[in-house]
Structures are given as C-alpha cells and as structure tokens.
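The values are calculated or read from the model by the stated rules, or taken from the named source; none is laboratory data. No experiment lies behind these values; they were computed from the predicted model shown. Positions of Cβ are backbone-derived with ideal geometry, glycine not excepted, and every protein chain shown enters the neighbour counts.
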Amino acid sequence: MSCKGDVCIDGTVRHFDLEGGFWAIRGDDNVTYDPMGGVPAAFRQEGLRVRLDAKRRNDMGGIHMAGPIVEIISLTKLAP
C-alpha cells in the first residue's frame with residue numbers, strides 16, 4: 001500500500017454518541033481517528049471497512065476527544 005500521509009491504516013467506520021454524535025474511523029491499530037470535517041457522507045455506514053491515508057493534524061483541537069484529528073488524503077472502501 002502506497003501512502004502519502006503519516007497515517008495509513010485499514011479500519012472500520014464507527015458512529016459515536018459522544019458530543020451529539022459523530023463518525024470516526026477505528027483503525028486496526030486500535031486508534032480512533034477523527035477526520036477534520038467528519039467522515040464523508042458516502043462512508044457513513046456503521047461497520048464499513050475502509051483504508052485511510054491521512055495526515056495527523058496535531059495543530060488542531062476538537063471537542064470529540066476520541067483520538068487524533070486527521071486530514072483525509074484518501075479514503076477507500078475495502079471489499080467485505
């Protein structure tokens with residue numbers, strides 16, 4: 001897998017009920033990644049397997065407190 005960002009993982013899209021509810025990606029590395037602007041609408045499906053290529057945004061703060069905030073470079077659906 002060729003990556004352009006500093007985060008390159010396979011994971012699962014999850015909906016969290018914290019702070020009014022939000023979508024994030026739980027990586028196979030057991031880290032929850034919180035995309036800037038949220039998970040794109042086409043990927044908002046509980047349990048959807050995805051490959052995330054992203055850049056950590058340590059310069060950003062967020063209210064979710066779920067894990068690191070990331071800027072998505074690419075997000076692709078994986079075969080079930």
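Can you tell me which residue among GLY27, GLY20, GLY37 is of a type in the set (Gly, Ala, Ser) and closer than 18 Å to ALA79 by Cα?
GLY27
Restricting to region 40-69, and then to whatever is modelled with pLDDT under 95 and either surrounded by fewer than 12 Cβ atoms within 10 Å (Cβ to Cβ) or among the hydrophobic types (A, V, I, L, M, F, W, C) (or both), can you tell me which residue is nearest to the chain's Cα centre (by Cα)?
Of everything passing the filter in region 40-69, ILE69 is nearest to the chain's Cα centre (by Cα).
Take SER2 and tell me if it is among the hydroxyl-bearing types (Ser, Thr, Tyr) and touching a residue at least 60 places away in the same chain (Cβ under 8 Å).
Criteria not met by SER2.
Residue by residue, here is whether (1) exposed (fewer than 14 other Cβ atoms within 10 Å of the Cβ); (2) of a type in the set (Phe, Trp, Tyr); (3) under 10 Å from the mean Cα position of the chain (by Cα); (4) outside any loop (DSSP other than H, G, I, E, B) holds:
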position: CYS3; (1), (2), (3), (4): no, no, no, no
position: VAL13; (1), (2), (3), (4): no, no, yes, yes
position: TRP23; (1), (2), (3), (4): no, yes, yes, yes
position: TYR33; (1), (2), (3), (4): no, yes, yes, yes
position: GLY38; (1), (2), (3), (4): no, no, yes, no
